[in-house]
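Quick notes on the structure that follows.
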Amino acid sequence: MEIIDGKKVSAACREEIKQELTSLGKKVGLAVLLVGNDKASEIYVRNKENACKEVGIQSYPFIFDENADEQSIIQTIIACNQNPDIYGILVQLPLPERLDAAKILSYIDPKKDVDGFSRYQMGKLLLGEDCLVSCTPQGILQLLDAYHIPVAGKKAVVVGRSNIVGKPIALLLLQRNATVTVCHSKTENVAEYTKNCDILVVAVGKKGFITGDMVGENTVVIDVGINRVDGKLFGDVDFDTVAPKCSYITPVPGGVGPMTVTMLLKNTVKAAKNAH
Ligand code: GUN
């Protein structure tokens, strides 16, 4: 069993991104909008700002209080759309429940949609066209590539069908010629699928959902879960019982997580390149 080191792969990707930025020779800006005071979101946004600083992307933070009105958020997005120094815009999710997230996100210029959540970018992904792919699924592919894990012809099972992770990673694995099965909350006997695959991606948001008895020998296990319990992070995979059985596994923390922010930087540089 080998542990996939997301921090190491992420650091190498950031070096490449720095070089790309240097050769691009332009100031590249990323706008980050945060609404309210969700503690996890505050941490993610701070991580994103620090990551920008590290590689030389100019971050433009826009912090709104819990009661901010929809129009002021939309006006900020429109101003960012028109700002030629800003190539990427992201609205940290989740937004406070009273706000219509889909409506707000729809104002982001799809070419600056570095989260890859828009209909335009998701549609291109579905069609297999070059696009800004949402960050976590893109990070998973980079990890598989970094460890030379073959995908073509393999049986892949994705547990979870969210728009942010499950659906896009299923499409990306399909594009790489895996045979893909998507399991979800209504799937009967999930273990029947998870036991019998080569690559298992788990993104359900439930601590320790996948246990050792649910995986076969020599599976590649990618754990997307970030479950905070008493200030500690846990994945969707019960590491202690699953790790001894598999060929590769991503730990939590230190697996997929570090890749997500790095892919945001990569998408921002890509959006800047596309604009020129
Ligand atoms: N909240 C949880 N994950 C994400 C993400 O990838 N992008 C944004 N904008 N918000 C998130």
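Put a dot 7 Å past each Cα toward the Cβ at LYS273 and SER41; how far apart are the dots in nm?
Result for the modelled spin labels: 3.2 nm.
Once you put a point 7 Å from the Cα of LEU233 and another 7 Å from the Cα of LYS26, both along the Cβ direction, what distance in nm separates them?
Distance between label points: 3.2 nm.
Let me spell out the model: positive unit charges on the Cβ of Lys and Arg, negative unit charges on the Cβ of Asp and Glu, origin at the Cα centre of the chain. What dipole size does that give, in debye rounded to 20?
500 debye
What's the extension gain from ARG98 to LYS53 if we count 0.36 nm per residue and subtract their Cα-Cα distance?
On the way: separation 45, 0.36 × 45 = 16.20 nm, distance 3.25 nm.
Value of the extension gain: 13.0 nm.
In debye, nearest 20: dipole of the stretch 147-212 around its Cα centre with unit charges on the Cβ of K, R (+) and D, E (-)?
Details: 9 positive and 3 negative charges, 29 e Å.
Around 140 debye, computed over the stretch 147-212.
Sum up the lysine pairs in the stretch 158-242 that clear both bars: alpha-carbon distance under 18 Å and a spacing of 8 or more or different chains.
Close lysine pairs under the 18 Å cut-off: 6.
Counting only protein heavy atoms and a 1.4 Å probe, tell me what percentage of the stretch 38-107's accessible area is made up of carbon and sulfur.
Solvent-exposed carbon and sulfur of the stretch 38-107 make up 50 percent of the total.
Filter the DSSP H helices in the chain by two things, a Kyte-Doolittle mean of at least -0.5 and an axial alpha-carbon span of 27 angstrom or more, and list the hits by number. Mind dumping the intermediate values first?
Values: long enough: none.
In the chain, no H run is both long and hydrophobic enough.
What figure in square angstrom, to the nearest 10, would you give for the accessible area of TYR87 with a 1.4 Å probe?
Number for this one is 20 Å².
Place a point 7 Å from Cα of ASN218 in the direction of its Cβ. Which residues in the stretch 137-169 have their backbone N less than 18 Å from it?
148-157
Can you pull a Stokes-Einstein diffusion coefficient for the chain at 20 °C (1.002 mPa s), Rh from Kirkwood over Cα pairs, as a whole number of µm²/s?
Reported coefficient: 111 µm²/s.
Calculate the FRET efficiency for THR211 and ILE74 from the Cβ-Cβ distance with a Förster distance of 45 Å, rounded to the nearest 0.05.
0.50
Could you tell me the calculated FRET efficiency between LEU127 and ASN163, based on Cβ-Cβ distance and R0 = 25 angstrom, to the nearest 0.05?
My answer for the efficiency is 0.95.
Sort the stretch 79-164 into rounded, prolate or oblate with this rule: let a ≥ b ≥ c be the square roots of the eigenvalues of the Cα gyration tensor; rounded if a/c is under 1.5, and if a/c is not under 1.5, prolate when a/b is larger than b/c, oblate otherwise.
Prolate.
Give the shape of the stretch 128-267 as rounded, prolate or oblate, defined through the alpha-carbon gyration tensor: a ≥ b ≥ c are the square roots of its eigenvalues, a/c under 1.5 means rounded, and otherwise the shape is prolate if a/b is larger than b/c and oblate if not.
Here the stretch 128-267 falls in the rounded category.
Give me the percent of the accessible area of the stretch 218-276 that comes from carbon and sulfur atoms, probe 1.4 Å, all protein chains in place. Provide the component values of the computation, followed by the final result.
Working: 1230 of 2310 Å².
C and S atoms contribute 53 percent here.
Just reorder HIS184, HIS148 by solvent-accessible area, largest first, 1.4 Å probe, all chains present.
HIS148, HIS184
Give the relative contact order (percent, whole number) for the chain; include only Cα pairs under 8 Å separated by 6+ residues.
22 percent
Using a 1.4 Å probe, what is the accessible area per residue for the chain, in Å²?
Accessible area per residue: 48 Å².
The values are calculated or read from the model by the stated rules, or taken from the named source; none is laboratory data. Note that the coordinates shown come from a computational prediction; the quantities given were computed from them, not determined experimentally. In this analysis, Cβ positions are derived from the backbone assuming ideal geometry, glycine residues included, and neighbour counts consider all displayed protein chains. Keep in mind that these areas ignore ligands, DNA and RNA; they rest on the heavy atoms of the full protein, side chains included. Shrake-Rupley method; radii C 1.70, N 1.55, O 1.52, S 1.80 Å.
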